[in-house]
Structure formats: C-alpha cells, structure tokens
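Asker: Sharing a structure below in structure tokens format, with a few things to ask.
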Amino acid sequence: MKTHPFGFDLSANISTFDNHLRRSLSDLEGYFSDVAAYCSLRESGNPVVYEVYGRERPEVTGELFFGLSVVHPGVVGNEYFMTKGHYHLVRDTAEVYYCMGGQGIMLMEDIEGDWAAEELHARRVVYVTPGWAHRSINVSTQEDLVTLFVCPAHAGHDYGAIARKGFRKLVLVEMADQWWSTTRLGRLPGN
Ligand code: NI
C-alpha cells in the first residue's frame, strides 16, 4: 500500500499517534524487587506507570515503527517507575531513542551477560545496538521521562526473557541519585 510522506509537530500533537498503550502497576507484576511495596501501591490506586503512543506502520522490512514513550514519575520501594523492557523478536535490529524531556536511565543487557546504562535527558540520544534488551527508567520523582523511539517495523517485541528473569542489574534510588549528582555520564556501579 502506498503511503504519502508525512510530517508532524511532536510537541503540539499527540494525536499524530494512532496507537496508545497504557501500563498500570498491575500490568507489571513481578517486575519490581520490593513485593510488599508493589502490592501496597497497587492496592492504593494502581497508578499508570508508563504509556506508549505509537504510529502504526506495516510490520515489514523497510518500514519504521516509531512513537513516544512516557514514563511517569514514581517509586516502588527502592526502584523508580520503569518500562517492562524487552528484546526485539528479530534480534539483529537496533533502536534509537531521543529524549525530549525528563531525567532517566536506559538500562540495557545482552544474552552474553554484558550490560550498559546510558543517561537520558532532553536532547540526548541513545542508540541501542542489535541484540540488546532495553528498559527506560524515570529517575525523577517530579516529571515525566519522554522519549521518541524509532526501530525497524518488523523488529517486534519479546518480553518473555525479561519477564521471567528480569534485568541482571537494578537501578536503585540512591544509585540513580548518586549518578545524577556526580558523574552524569558513565556506568552505574555494580550491584
Ligand atoms: Ni525496542
């Protein structure tokens, strides 16, 4: 199907996106390490943790899937609100994230045990190389972490491995605070 090229103003027009995914805390059972804090927060209102606004494109080679990821501010025990995180079903596909606002960390790992963490702040770009699982973490308790993502439309999402085992590294509140108040760039201390 032929589609005419199009453009849009991101800051002004969220309705550009025709797909809206909303993940509440109850959708993230098993993702946070503090189970008591998780249950308590879920029962006292079950807040929306993150939302994804996507633009539907044919899931074929050559097309791009793109949209906005919005991780809301909040904590569950000693962890900040974060996305589930995923590998791509088609593993050898990359993704670009462009941060539009907020403060965050992109946590990544591959199946060989390597891991990486990159800072997210306004106008910062993170390039997720093929084969790396990725999760966005909002380290602000005040504002949304907003990123624009673009990846091949046929990449798909594989949540299974992360849902079963989680990431090897956790970003804890005091670590993230330390990160943002000192180095601003670099790697998280091991945990
Ligand atoms: Ni992805």
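Asker: Which residue out of Glu29, Glu43, Glu118 is at negative phi and surrounded by 15 or more Cβ atoms within 10 Å (Cβ to Cβ)?
Answerer: Exactly one residue qualifies, and that residue is Glu118.
Asker: Consider Val96 carefully, then state whether it is surrounded by 19 or more Cβ atoms within 10 Å (Cβ to Cβ), part of a strand (DSSP E or B) and of a type outside the set (Lys, Arg).
Answerer: no
Asker: In the stretch 136-167, which residue that is assigned to a strand (DSSP E or B) and not aliphatic (A, V, I, L, M) is farthest from the ligand (Cβ to nearest atom)?
Answerer: Only one residue tops the list, namely Asn138.
Asker: When only residues in the stretch 121-132 that are part of a loop (DSSP other than H, G, I, E, B) and within 15 Å of the ligand (Cβ to nearest atom) count, which is least open to solvent (accessible area, probe 1.4 Å)?
Answerer: Among residues in the stretch 121-132 that are part of a loop (DSSP other than H, G, I, E, B) and within 15 Å of the ligand (Cβ to nearest atom), the one least open to solvent (accessible area, probe 1.4 Å) is Gly131.
Asker: Quick check, is Leu64 within 15 Å of the ligand (Cβ to nearest atom) and either touching a Gly at 6+ places or on another chain (Cβ under 7 Å) or among the acidic types (Asp, Glu) (or both)?
Answerer: Spelling it out, it is not the case that Leu64 is within 15 Å of the ligand (Cβ to nearest atom) and either touching a Gly at 6+ places or on another chain (Cβ under 7 Å) or among the acidic types (Asp, Glu) (or both).
Asker: Do we find that His20 is free of Cβ contacts under 8 Å to residues at least 40 places away in the same chain and in a loop (DSSP other than H, G, I, E, B) in this structure?
Answerer: Numbers: free of Cβ contacts under 8 Å to residues at least 40 places away in the same chain: yes; in a loop (DSSP other than H, G, I, E, B): no.
Considered against the rule, which asks whether it is free of Cβ contacts under 8 Å to residues at least 40 places away in the same chain and in a loop (DSSP other than H, G, I, E, B), His20 comes out as no.
Asker: In the stretch 75-93, how many residues are part of a loop (DSSP other than H, G, I, E, B) and within 14 Å of the ligand (Cβ to nearest atom)?
Answerer: 9
Asker: Continuing with this model, one more query. When you check Arg55 against the structure, is it away from the ligand (no atom under 16 Å from the Cβ) and not aliphatic (A, V, I, L, M), yes or no?
Answerer: So Arg55 does not fit the description; no.
Asker: Considering only the stretch 142-150, I want to know if a residue exists there that is over 19 Å from Asp34 (Cα atoms), open to solvent by 10 Å² or more (accessible area, probe 1.4 Å) and modelled with pLDDT under 95.
Answerer: Yes - at least one qualifying residue is present in the stretch 142-150.
Asker: Looking only at residues in the stretch 32-58 that are in a loop (DSSP other than H, G, I, E, B) and without any contact (Cβ under 8 Å) to a residue 60 or more places away in the chain, which one is nearest to the chain's Cα centre (by Cα)?
Answerer: If we take residues in the stretch 32-58 being in a loop (DSSP other than H, G, I, E, B) and without any contact (Cβ under 8 Å) to a residue 60 or more places away in the chain, then Phe32 is nearest to the chain's Cα centre (by Cα).
Asker: Moving to a separate point now. Being surrounded by fewer than 16 Cβ atoms within 10 Å (Cβ to Cβ) and within 21 Å of Gly74 (Cβ to Cβ) is the filter; apply it to the stretch 167-179 and report the residue that is modelled with the highest pLDDT.
Answerer: Val173
Asker: Another question about this same structure. Tell me, please, whether a residue that is part of a loop (DSSP other than H, G, I, E, B) and within 16 Å of the chain's Cα centre (by Cα) can be found in the stretch 59-67.
Answerer: No, there is no match, as no residue in the stretch 59-67 is part of a loop (DSSP other than H, G, I, E, B) and within 16 Å of the chain's Cα centre (by Cα).
Asker: On to the next question. Which one of the conditions (1) at positive phi; (2) open to solvent by less than 10 Å² (accessible area, probe 1.4 Å); (3) not hydroxyl-bearing (Ser, Thr, Tyr) does Gly156 fail to meet, given that it meets all the rest?
Answerer: Unmet condition: (2).
The values are calculated or read from the model by the stated rules, or taken from the named source; none is laboratory data. Values in this document were obtained by computation on a predicted structure and should not be read as measured data. Heads up, the Cβs are rebuilt from the backbone with ideal geometry, glycines too, and the neighbour counts pull from every protein chain shown. Areas reflect the complete protein model, heavy atoms only, side chains present, ligands, DNA and RNA absent. Shrake-Rupley method; radii C 1.70, N 1.55, O 1.52, S 1.80 Å.
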